[in-house]
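Nothing in this text is a laboratory measurement; each read-out follows from the coordinates by a stated rule. Source: prediction; values computed, not measured. Cβ atoms come from the backbone with ideal geometry, glycine included; neighbour counts cover every protein chain shown.
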Amino acid sequence: MKGAARLEAFLEMMSAERGASANTLEAYRRDLEDAAGFVDGGLASANADDIRRWLDDVAARGFARSSQARKLSAVRQFFKFLYVEGMRTDDPTGIVDTPKKERSLPKTMGEDAVTRLLERAETDKQMAENDGDRLAACRLHALVETLYATGLRVSELVSLPLTVALRDERFFVVRGKGGKERMVPLSQKARAALRDWLEIRAQHASFKDSPFLFPATSESGHLPRQVFARELKGLASRAGVPAAKVSPHVLRHAFASHLLQNGADLRAVQQLLGHADISTTQIYTHVLENRLVELVSQHHPLAE
């Protein structure tokens, strides 16, 4: 089996056995083809020194250490596949060190900023002067309230099925990365915003047969995440919040940070965010550290 065929076989395995999304598969393809183009004789024949030289080249091109680590992870998965399938008797990545990632804190928003954002979304809905503006405002209000109430990934949010809102329940199940399901909550405000959205959605015949909560005439059939991100920045500007600091992912981080600030358990936040490993959720430990310092300073008998 030639190099290109091995790559295709690996990607097919990732899709069929691990439920990798189209975006994930495309990222794997880019990283593996990048490595393959650097190694004489093709990636499948590479040794540990070849992999190290490729990583040095990746670093020289200015990729962050987190990107270097991601690229190496793709190559590791590829060689693990070759070994398991009997196409190689060794794994050259086993003795290659992973580039250490920079510890960066997630960008987030304060509770006051989120409140201004939500209040402005509701005001825009109430002030809409025509059907088109009302439709857009109701949709954006429902999106923002739901995102802050659930901490969903933006891809999960825009592709929610219509049944989520039709049930009008306090919790619903979402299918996340790798096809894994988890239960997430809906606040009273989010449920109210979704009810308003359902009412105006029902008035548009073009949405009638769509299975998506937020339908659109896009290739996917639902609202593209880029459109939501653009509308969210516009909302931030109208709310007096710096648009450059606002994105769907920042709101997801705000959901997690505000939960921890108000006493939530790290394991519970891990489950709500859909993180497979607690180490991913530990980027929020700075929030816990601040809260612990505050608790000690306020309640310890020897605190000044």
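Taking N as the number of residues in the chain, what is its Cα Rg relative to 2.2 N^0.38 Å?
Output field value: 1.19.
Among 16-26, 72-82, 254-264, 150-160, how do they line up from the highest to the lowest mean number of other beta-carbon atoms within 10 Å?
Sorting 16-26, 72-82, 254-264, 150-160 by mean packing, highest first, produces 150-160, 72-82, 254-264, 16-26.
Can you give me the angle between helix 111-127 and the longest principal axis of the chain, using Cα atoms only, in degrees from 0 to 90, rounded to the nearest 10?
Roughly 60 degrees, rounded to the nearest 10.
Segment 196-244: which trypsin sites (Lys or Arg not before Pro) are DSSP loop and have at most 15 other beta-carbon atoms within 10 angstrom?
Answer by residue number: Lys208.
Just need the Rg to Rh number for segment 3-95, please, alpha carbons only, Kirkwood Rh.
My calculation of the ratio gives 0.94.
For the chain, calculate the relative contact order in percent as a whole number, restricting contacts to Cα pairs under 8 Å that are 6 or more residues apart.
Once normalised by length, the contact order is 17 percent.
Tell me the GluC sites (Glu not before Pro) within segment 104-149 that lie in a loop according to DSSP and have at most 15 other beta-carbon atoms within 10 Å.
Filter output for segment 104-149: Glu129.
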